[in-house]
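Participant: Right, I'll just put the structure down here and ask away after.
The values are calculated or read from the model by the stated rules, or taken from the named source; none is laboratory data. Owing to the predicted nature of the structure, the values given are computational and were not obtained by experimental measurement. Backbone-built Cβ (ideal geometry, glycine too); neighbour counts: all protein chains shown. In case anyone asks, the SASA skips ligands and DNA or RNA and just uses the protein heavy atoms, side chains included. Shrake-Rupley method; radii C 1.70, N 1.55, O 1.52, S 1.80 Å.
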Amino acid sequence: MPQASEIAWLIPVFPLIGAVLSGLGLISINKKINNAREIVSISLISFVGVSAVISYKALLEQVNGYQSVEKLFVWASAGDFTIPMGFILDPLGSVMLALVTTITLLVMIYSHGYMSHDKGYVRFFTYLALFSSSMMGLIISPNLLEIYVFWELVGMCSYLLVGFWYDRDGAAHAAQKAFVVNRVGDFGLLLGILGLFWATNSFDFNEIALGISKSISENSLPIWAALILCFLVFLGPMAKSAQFPLHVWLPDAMEGPTPISALIHAATMVAAGIFLVARLQPLYSLFSEIQFIIALVGTITCFLGASIALTQMDLKKGLAYSTVSQLGYMMLAMGCGAPIAGIFHLITHACFKAMLFLGSGSVIHAMEEVVGHQPVLAQDMRLMGGLRKKMPYTSATFLIGCVAISGIPPLAGFWSKDEILGNAFISFPVFWLIGLLTAGMTAFYMFRLYFLTFEGDFRGDNKELQKELLVASQISLDEESEEEHGDQKHGSLHESPWSMTFPLVFLAVPSVIIGFMGLPWDSKFAILLDPEEAEVAAQAFELKEFLPLAIASIVVASIGITIAYQAYFARKLNLSILFAEKFPAINKFLSKKWYLDDINEKLFVKGSRKLAKEVLEVDSKVVDGVVNLTGLVTLGSGEGLKYFETGRAQFYALIVFGGVILLVAIFGFQSPSVS
């Protein structure tokens with residue numbers, strides 16, 4: 001039997017086969033395939049399950065010391081020019097494959113309950129399978145060119161899933177926004193890939209790094225050109241992993257179904273940018289300037305996301321800005337030259353953030369039965385409260401996720417986030433300070449989410465508040481729906497079905513224990529990814545250096561949790577009013593999301609429309625004018641010349657004779673006189 005690492009190319013193939021079969025069924029026998037929805041979902045889950053089994057076996061082989069596998073074939077050639085394709089499976093790839101297949105499986109199981117009444121159920125599962133295949137293909141890609149192919153496929157699937165409910169204006173606009181913003185980053189990525197190939201004649205990660213280093217040492221490539229190429233490639237991860245200022249698409253992408261938020265915007269697609277930066281570490285480590293830019297972008301992003309999350313009342317958007325913030329931490333680690341710390345936080349964050357998003361979906365699913373299928377009401381925390389008693393599994397797992405992301409030991413988030421902050425303290429102390437402050441903000445807004453949602457009294461039956469929220473969102477209240485629910489609204493709250501609670505409970509386990517794989521004095525995770533670096537880190541570890549930083553992180557997080565408890569559980573503080581009164585400018589700045597959406601709307605959206613109108617004016621008046629003038633001249637000359645077409649030879653001879661006389665007269669007049 002072949003080793004799993006040898007047949008890793010099959011991992012993305014199985015979900016692709018399932019997606020193609022169900023997609024063809026939707027095209028050819030739509031009604032029958034939709035009636036067999038459970039058969040389709042079980043089949044697609046099985047295809048992903050086979051990929052998961054191969055991924056787990058491959059990971060086990062890598063843990064046991066099996067050599068990395070790389071198999072290539074010539075995809076295209078012309079003379080000496082060749083483009084190799086194939087697959088590579090190394091420790092980093094095996095870890096990412098295990099993560100993606102696990103989260104995909106759980107999201108599919110969860111979706112069976114969450115999307116059970118949706119008419120697009122089969123289409124949704126088909127998109128999920130296609131997305132998972134694209135992401136798996138990206139992970140095993142051995143070079144930048146192949147990564148770019150799957151990179152675009154992942155972006156296409158994201159567009160389809162975010163805009164899944166395309167009949168809703170919000171979802172359609174969010175999908176377009178995600179598509180356009182990612183095109184900005186992907187254009188830079190494409191230019192960078194082509195530029196690196198021009199400079200090194202290779203798409204391979206390590207060969208590119210060696211080629212750039214050699215070209216600079218031989219003075220055949222200026223350093224400024226190499227820096228520009230590195231930054232262009234970095235634009236792709238900036239957009240895909242929602243880094244400032246290309247982060248604006250991710251919060252709006254919450255318009256898609258909640259399982260998509262857990263799969264794409266917490267654990268997989270947004271992780272693709274971090275993964276690519278990790279793959280390119282041999283290149284980025286050559287330039288301290290690029291490392292600083294990466295760390296700076298990551299720091300701004302983590303602080304920006306946390307600060308905006310402080311004012312969010314939409315449950316999913318609060319989690320979305322939290323994701324932006326955590327992605328900033330991962331990018332900060334990459335900039336500090338600590339890719340293992342960044343990938344470790346990617347793994348831990350994927351577990352507890354996917355659980356939090358799925359938990360929010362469980363809450364929204366219950367709220368929809370109370371306030372109707374209006375996202376403005378079902379996702380607003382001002383209408384929640386007291387759900388812990390009605391939804392014990394959801395509330396317990398959500399609390400675990402809040403503790404984990406807040407960085408409280410011994411849960412997973414503490415070990416991964418603290419490792420990043422430790423590296424930042426060594427490399428960029430100012431960035432460490434901002435990251436530490438952000439950790440306190442994270443603990444505050446996450447427990448704010450928890451207390452508003454699960455503790456206190458239920459506020460969903462407050463009709464006046466519902467009307468205010470709908471009016472503020474410019475939506476009219478559906479009186480018929482209101483009468484239908486009547487006084488039974490509060491009693492309809494209940495826990496979600498097992499298909500939705502099982503993934504929550506499953507993800508709670510790694511959210512608690514997976515952090516122990518990355519203990520700074522004995523990191524099993526680092527040993528798997530880079531044994532030599534792990535040994536050096538273990539020998540350099542000193543408890544007296546670790547404890548002060550760890551204690552500072554815990555204290556800051558504890559302060560954030562305490563303030564949230566006093567304000568939103570004990571109700572001893574009314575922070576929203578106090579902060580708005582004392583710091584109205586800052587409060588407006590945060591509630592307006594740093595005005596970045598307004599700037600983009602004015603500068604790019606309206607600006608591009610104005611430019612398009614001016615181009616249209618030039619086209620209609622100048623280009624069309626020249627064309628129309630040419631047509632008029634042709635028409636006029638034709639109309640005049642048609643009278644000379646008489647069909648009489650004598651008339652033509654007369655014209656020729658007249659022409660000759662005219663030419664003789666002209667040339668005779670111009671000839672010089674003889675003296």
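Participant: Would you be able to tell me the number of residues in the stretch 148-188 that are open to solvent by less than 60 Å² (accessible area, probe 1.4 Å) and under 17 Å from Pro259 (Cβ atoms)?
Facilitator: 13
Participant: Another question, then. Which count do you get for residues in the stretch 538-567 that are open to solvent by 50 Å² or more (accessible area, probe 1.4 Å), modelled with pLDDT under 90 and not polar (S, T, N, Q)?
Facilitator: Residues in the stretch 538-567 being open to solvent by 50 Å² or more (accessible area, probe 1.4 Å), modelled with pLDDT under 90 and not polar (S, T, N, Q): 6 in total.
Participant: If you check Ala19, Ala36, Ala4, Ala8, which single one turns out to be touching a strand residue (DSSP E or B) at 6+ places or on another chain (Cβ under 6 Å) and either open to solvent by less than 70 Å² (accessible area, probe 1.4 Å) or closer than 19 Å to Ile139 by Cα (or both)? Give the derivation first.
Facilitator: Values: Ala19 fails: touching a strand residue (DSSP E or B) at 6+ places or on another chain (Cβ under 6 Å); Ala36 fails: touching a strand residue (DSSP E or B) at 6+ places or on another chain (Cβ under 6 Å); Ala4 fails: touching a strand residue (DSSP E or B) at 6+ places or on another chain (Cβ under 6 Å).
Matching residue, one of Ala19, Ala36, Ala4, Ala8: Ala8.
Residues checked against (1) under 25 Å from Asn34 (Cα atoms); (2) modelled with pLDDT of 90 or more:
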{"site": "Phe73", "(1), (2)": "no, no"}
{"site": "Leu89", "(1), (2)": "no, yes"}
{"site": "Ser94", "(1), (2)": "no, yes"}
{"site": "Thr102", "(1), (2)": "no, yes"}
{"site": "Tyr110", "(1), (2)": "yes, yes"}
{"site": "Ser116", "(1), (2)": "yes, no"}
{"site": "Leu130", "(1), (2)": "yes, yes"}
{"site": "Ser133", "(1), (2)": "yes, yes"}
{"site": "Asn143", "(1), (2)": "no, yes"}
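Participant: Further question: Answer yes if at least one residue in the stretch 376-395 is of a type in the set (Val, Ile, Thr), open to solvent by 10 Å² or more (accessible area, probe 1.4 Å) and assigned to a helix (DSSP H, G or I), and no otherwise. So that I can check it myself, show each step before the final result.
Facilitator: Within the stretch 376-395, the first condition is being of a type in the set (Val, Ile, Thr), and the residues that meet it are 376, 394.
Right, trim to open to solvent by 10 Å² or more (accessible area, probe 1.4 Å) and you get 376.
Subset that is assigned to a helix (DSSP H, G or I): 376.
Checked the stretch 376-395: at least one residue is of a type in the set (Val, Ile, Thr), open to solvent by 10 Å² or more (accessible area, probe 1.4 Å) and assigned to a helix (DSSP H, G or I).
Participant: Looking at (1) crowded, with 17+ Cβ neighbours inside 10 Å; (2) at pLDDT 90 or above; (3) more than 27 Å from the chain's Cα centre (by Cα), which one does Pro84 not meet, given that it meets all the others?
Facilitator: Against the list (1) crowded, with 17+ Cβ neighbours inside 10 Å; (2) at pLDDT 90 or above; (3) more than 27 Å from the chain's Cα centre (by Cα), Pro84 comes up short only on (2).
Let's see how each residue does on (1) modelled with pLDDT of 90 or more; (2) in contact with a Gly (Cβ under 9 Å, 6 or more places away or on another chain); (3) of a type outside the set (A, V, I, L, M, F, W, C); (4) open to solvent by less than 70 Å² (accessible area, probe 1.4 Å):
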site	(1), (2), (3), (4)
Met441	yes, yes, no, yes
Phe451	yes, yes, no, yes
Lys467	no, no, yes, no
Leu493	no, yes, no, yes
Leu507	yes, yes, no, yes
Pro510	yes, no, yes, yes
Phe516	yes, no, no, no
Leu528	yes, no, no, yes
Glu532	no, no, yes, no
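Participant: How many of the residues making up the stretch 360-375 are under 23 Å from the mean Cα position of the chain (by Cα) and open to solvent by less than 10 Å² (accessible area, probe 1.4 Å)? Please lay out each step first, then the result.
Facilitator: Initially, the stretch 360-375 is screened for residues under 23 Å from the mean Cα position of the chain (by Cα), giving 360-362, 364, 375.
Now narrow it down to the ones that are open to solvent by less than 10 Å² (accessible area, probe 1.4 Å): 360-362, 364.
The number of residues fulfilling the criteria is 4.
Participant: Which condition does Ile434 not pass, out of (1) farther than 29 Å from Gly93 by Cα; (2) open to solvent by 30 Å² or more (accessible area, probe 1.4 Å); (3) over 25 Å from the mean Cα position of the chain (by Cα), if it passes all the others?
Facilitator: Failing condition for Ile434: (3).
Participant: Given the stretch 273-357, what helices (runs of 4 or more DSSP H) lie entirely inside it while holding 2 or more residues that are open to solvent by 10 Å² or more (accessible area, probe 1.4 Å) and among the aromatic types (Phe, Trp, Tyr)?
Facilitator: Details: elements: 281-284, 288-309, 315-335.
Here the list reads 288-309.
Participant: Would a scan of the stretch 225-242 turn up a residue that is outside any helix (DSSP H, G or I), of a type outside the set (D, E, K, R), open to solvent by less than 30 Å² (accessible area, probe 1.4 Å) and in contact with a Leu (Cβ under 8 Å, 6 or more places away or on another chain)? Before you say what the answer is, go through the steps one by one.
Facilitator: Here is the first cut: in the stretch 225-242, the residues outside any helix (DSSP H, G or I) are 241-242.
After this cut, where a residue has to be of a type outside the set (D, E, K, R) as well, the list is 241-242.
Narrowing further to those that are open to solvent by less than 30 Å² (accessible area, probe 1.4 Å): 241-242.
Next, from what is left, pick out any that are in contact with a Leu (Cβ under 8 Å, 6 or more places away or on another chain): 241-242.
Yes, there is a match, as at least one residue in the stretch 225-242 is outside any helix (DSSP H, G or I), of a type outside the set (D, E, K, R), open to solvent by less than 30 Å² (accessible area, probe 1.4 Å) and in contact with a Leu (Cβ under 8 Å, 6 or more places away or on another chain).
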